[in-house]
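Data block below; observations after.
Each value in this text was obtained by applying a stated rule to the coordinates, not by laboratory testing. Note that this is a predicted model, so its numbers are computed, not measured. Cβ coordinates were reconstructed from backbone atoms using ideal geometry, including for glycine residues, and neighbour counts include every protein chain displayed.
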Amino acid sequence: MTFFFQNVVNALQWGSFYALIALGYSMVYGVLLLFNFAHGDIFMVGAYIGFFVVSGLLAVASMSSLLLPNWLLLVLGIIFAMFLTSFVGMLVERVGYRPLRAAPRASAAITGLMIGIILETGNLALLGARRVSFPSLIATTTYNIGGVSITNKKITIVLVSLLLMLVLHQFVQRTKWGMAMRATAFDFSVVPLMGVSINTIAALTFGLGSALAAAAGILFSVAYPVLDPYMGITIGWKAFVAAILGGRGSILGAALAGFLMGFIEIFVVVIPNPFPTMFPFSLFPAPYLFPSTLRDLVAFSIILLILTFKPHGLFGEAHTARLRL
Amino acid sequence: MSLLRVENVTHYFGGLRAVHNYNLRVEPGQIRGLIGPNGAGKTTIFNLITGIYTPTEGEIWLEDSSIVGLRPYEIASSGLGRTFQNLRLWRHMTVLEHVKMAHYSKISYGLIGAFFGTPKRHREEAEIEEKANSLLELVEVRPLADQIVTNLPYGALRRVEMARALATEPKVLFLDEPTAGMNPEELTRMMDIIRRVHGELGLAIFLIEHRMKVVMDLCNTIQTLVFGEVIAEGTPEETQNNPRVIEAYLGEEVVT
């Protein structure tokens, strides 16, 4: 049982990363009907911006012999990095996607992949191939709750992610921008007639999605403090799959599917081997049914199976293609 | 000074001339109608004036300023509101939210207001809700204010769309087939509402209609459009008795 809860904690942590990134995919799709395939790399950019912000804050703090507590540095780091990364997202929208608003969807997809490559190689060109390590702001403390060991980092990651999702939900429900985003997602052709510019809403959506990706980037760096230019690719694709699984355009769906993704991934490799001595299980004499090398294969197969029965995702709904302005 | 002036507007889709040399003057308080067979270019004219298309040639003036080439959201905020032939509502948003959305540019409270419920937010929300509710009252959907639009009957949806257009406080309201697909009961109700809206808000209305009864009853002046050209313009009586209009609607044999 403790083993089970131990894995629940791990799944929650990974689920947080996936959910935060998937939200960006899903919001942009909801509003603009395109997938921003550079989003995984925006996660990477966010992590790097977070790295520079936190390093800068640490340097300033040590120079001015200001005694800022580390948790405050982390909070400031997250806020600044989210803010700065949102501008990266808006720039991507302005330069990459806005000129293609009326172009076929494939053009936007190709552009997204290209922007991703530019961000990765741009990072390589600027910073070189060495990896950087994120300053360790929080010393790891391990709590033992009924045999389950939980680190303070994991608690922080899950709580900050949940808080951000709550803030996003409130933003979408309560502010006029959120209302305009929802309206745009349902039928954008009427939105300009309310005196609202679609371009503003598009920029806002990209900004918000990128800010969440940046938060995911920093939280990821807290848990796994080695940054490299390609760190966003795999996690980005997995979050994309989560966004599809949740239902394109659904915020709740993206968040829940992100966590579901985390759970599936963690739990497929800890399914006990039911008959260790029986053929064909005896071929892999292991305590678990699937070796961890098959993690992605099994996880994605499960998702494929879910999508076979729910092709629009868990919270998505079928709709016909809409006219574009 | 006319409220809305459209002068010599011509529009091509590629090689196809959809609208030719179209002129329109809307005076304050008028109800004007635009009729014509399917495909005559009626909706295209709406789209040209509201900025969804930019005319190939011609001038459009709203009061003193030219609105040709402005973006749809700029034209909307300068005083043209419209509805659509096929409903364009936002699934999963409530009736009240639809009308509230139309007040977008007038909502001035920001993030802090939205999250912490400052007095300013409460005041603004109350103000907007009051305005919205009186509009919903006017189009007779007030009791449905908190319903999600997908739950509403068709006739009510049309009226919600109208309330949304009215909430932008237009000087001229464009109605694209406001009674399309309605049963006789809904139709009479809609006509009453259009009359009441016109009377109480005192705005000018420009409407496209298929049903002769509606245009004849509501409009001061009617234009008949055939293949992108206005072939007749006049009062309902003149239009009804104009042989060219009859020909366009009923075919040539009847006339000869």
Inter-site label distance for A:Phe87 and A:Leu305 at 7 Å from Cα along Cβ, in nm: 4.8 nm
Average Cα contact separation per residue, chain B, under 8 Å, 6 or more apart, as relative contact order %: 27 percent
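Take the Cβ-Cβ distance between B:Thr150 and A:Ala129 as r, set R0 to 45 Å, and report the resulting FRET efficiency rounded to the nearest 0.05. Don't jump to the answer; show the numbers that get you there.
Working: r = 54 Å, r/R0 = 1.20.
Once rounded, the FRET efficiency stands at 0.25.
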Within a Gaussian network of chain A (alpha carbon springs, distance under 10 Å), most fluctuating of A:Asn144, A:Asn152, A:Asn199: A:Asn144
Alpha-carbon radius of gyration plus Dmax, which is the widest Cα pair, for the range A:176-231 in Å: 16.2, 48
Net +/- balance of residues flanking B:Gly58 in space, Cβ distance below 12 Å, scoring K and R +1, D and E -1: -2
Residue among A:Ile115, A:Ile49, A:Ile302 with the largest mean-square fluctuation in a Gaussian network model of chain A, springs linking Cα atoms under 10 Å: A:Ile302
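Just round it to a whole percent: the fraction of Cα-Cα distances in the range A:2-309 exceeding 31 Å. If you can, show how the numbers build up before the last one.
On the way: 15981 of 47278 pairs.
So the pairs more than 31 Å apart make up 34 percent of the total in the range A:2-309.
Per the Kirkwood treatment, what hydrodynamic radius in Å, one decimal, follows for the protein assembly as shown from the mean inverse distance over all distinct Cα pairs?
On the way: mean 1/r = 0.0368 Å⁻¹.
Final number for the Kirkwood radius of the protein assembly as shown is 27.2 Å.
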Violating pairs (Cα-Cα greater than 21 angstrom) within the set B:Lys131/B:Lys171; B:Lys106/B:Lys131; A:Lys176/B:Lys171; B:Lys100/B:Lys131: A:Lys176/B:Lys171
Scaled radius of gyration (Cα, divided by 2.2 N^0.38 Å) that the range B:121-256 gives: 1.26
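Please identify every one of the trypsin sites (Lys or Arg not before Pro) in the range A:106-182 that sits in a loop by DSSP and has no more than 10 other beta carbons within 10 Å of its own beta carbon. Numbers along the way, then the final one.
On the way: sites: A:Arg130, A:Arg131, A:Lys153, A:Lys154, A:Arg174, A:Lys176, A:Arg182; in loops: A:Arg130, A:Arg131.
Those satisfying the criteria are A:Arg130.
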